[in-house]
Amino acid sequence: MRNWRRFWAAAIVAMGLGVAPALADSGSIRLTIVKGGWFLGAHGGSGVLVFHGRRYPLSVGGIDAGLVFGLSKTDFHGRVTHIRAASDVAGVYGAGGAGAAVVVGARVIVLTNEKGAVLELQGRQIGLIANLDLSGLVISLR
């Protein structure tokens, strides 16, 4: 009888350890990013993360290497998943991309940082820009 109790206790603990990654949470995010360049580019902006009913202001910055011509502003909205705390959204996100906007265009992007946070963003891009580049996006809490 005693061995069965130990078995069930060990089984429950093992199942609990296996469920731990599923305890990650999600939040909503809004970012405004201005991007510009001539061959090499840069982008910067700000945003807000809403996580567990609290608002966390964000700063965004980065560089683009490749072919970048023009200037644009993109207002993104979406969600961030696989986070346990608001600070998990901070980090470096990398992406390769191609796009163009003549006055108004649409953008959809999925990015992951080194902590495993996943950004699923969509937005409206305004400006005159053409790009085929590798981008590094750095998000930090203000």
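The values are calculated or read from the model by the stated rules, or taken from the named source; none is laboratory data. Owing to the predicted nature of the structure, the values given are computational and were not obtained by experimental measurement. Cβ coordinates were reconstructed from backbone atoms using ideal geometry, including for glycine residues, and neighbour counts include every protein chain displayed.
Here are the numbers for the structure shown:
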read-out: Hey, Val34 at pLDDT below 90 and over 15 Å from Ser140 (Cα atoms) or not; value: no
read-out: Search result, residues across region 53-65 that are crowded, with 19+ Cβ neighbours inside 10 Å, within 13 Å of Val34 (Cβ to Cβ) and at pLDDT 85 or above; value: Val60, Gly62
read-out: Residue count for region 82-97, restricted to those that are loosely packed, with under 15 Cβ neighbours inside 10 Å and in a strand (DSSP E or B); value: 4
read-out: The lone exception for Lys73 - which of (1) closer than 21 Å to Gly27 by Cβ; (2) in a strand (DSSP E or B) it fails; value: (1)
read-out: Condition broken by Leu132, with the remaining ones in (1) outside any strand (DSSP E or B); (2) modelled with pLDDT under 85; (3) not small (Gly, Ala, Ser) satisfied; value: (1)
read-out: Pairs, first part of a strand (DSSP E or B) in region 40-58, second at pLDDT 95 or above and among the aromatic types (Phe, Trp, Tyr), C-beta under 9 Å, six or more apart; value: Val48/Tyr56; Leu49/Tyr56; Val50/Tyr56
read-out: Which listed residue is farther than 19 Å from Ala42 by Cα and at pLDDT below 90, from Val103, Val118, Val68, Val89; value: Val103
